Amino acid sequence: MKFSSAIDAYCDDMLIQGRMNSGSTERSYRSVLNRHATDVENRDPRYVGRTDVKRTLRRWPHPNTQRTSRSVLISFYDWAMEEGIRK
């Protein structure tokens with residue numbers, strides 16, 4: 001599975017579950033996840049590691065933005081584990 005496909009599935013699930021209630025929330029999440037997908041060269045989420053996440057977080061110099069982006073990535077990878085995409 002490509003990372004971009006996983007992003008689409010994640011956003012669809014979050015919308016269905018009511019965890020994303022506005023278009024701006026979805027845009028914000030997709031923005032962070034698409035930048036991460038670019039950094040990992042759209043690899044399968046199974047093969048993305050800690051160093052890849054840290055590299056993506058270095059894109060944002062401001063600590064609050066890093067913290068927000070980290071929360072998005074944590075949510076995505078938690079979902080990926082629940083769905084069996086990652087171990």
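The values are calculated or read from the model by the stated rules, or taken from the named source; none is laboratory data. Note that the coordinates shown come from a computational prediction; the quantities given were computed from them, not determined experimentally. All Cβ positions, even for glycine, are placed from backbone atoms using ideal geometry, and neighbour counts span all protein chains on display. We work out accessible area using only protein heavy atoms, side chains counted, and drop any ligands, DNA or RNA first. Shrake-Rupley method; radii C 1.70, N 1.55, O 1.52, S 1.80 Å.
Between THR51 and GLU83, the C-beta separation translates, for a Förster distance of 22 Å, into a calculated FRET efficiency of about 0.45. For the chain, the Stokes-Einstein estimate of translational diffusion at 4 °C and a viscosity of 1.567 mPa s comes to 99 µm²/s, using the Kirkwood hydrodynamic radius over alpha-carbon pairs.
Computed extension gain for ARG59 through SER71, at 0.36 nm per residue and net of the alpha carbon distance, reaches 2.8 nm. Just checking the listed ones, LEU73, LEU33, LEU15: in the Gaussian network model of the chain with Cα springs under 10 Å, the one fluctuating most is LEU15. The mean accessible area for residues of the chain, using a 1.4 Å probe and ignoring ligands and nucleic acids, is 63 Å² per residue.
Heavy-atom accessible area, probed at 1.4 angstrom with all protein chains present, ranks SER31, SER71 as SER71, SER31, highest first. Taking the 1.4 Å solvent-accessible surface of the chain as the whole, the part contributed by carbon and sulfur is 47%.
Subtracting the Cα-Cα distance of ARG43 and SER28 from 0.36 nm times their residue separation leaves 3.3 nm of extension gain. Residues TYR77, TYR29, ordered by accessible area of protein heavy atoms at a 1.4 angstrom probe radius and largest first, appear as TYR29, TYR77. Sorting GLU41, GLU26 on solvent-accessible area from highest to lowest, probe radius 1.4 Å, gives GLU41, GLU26.
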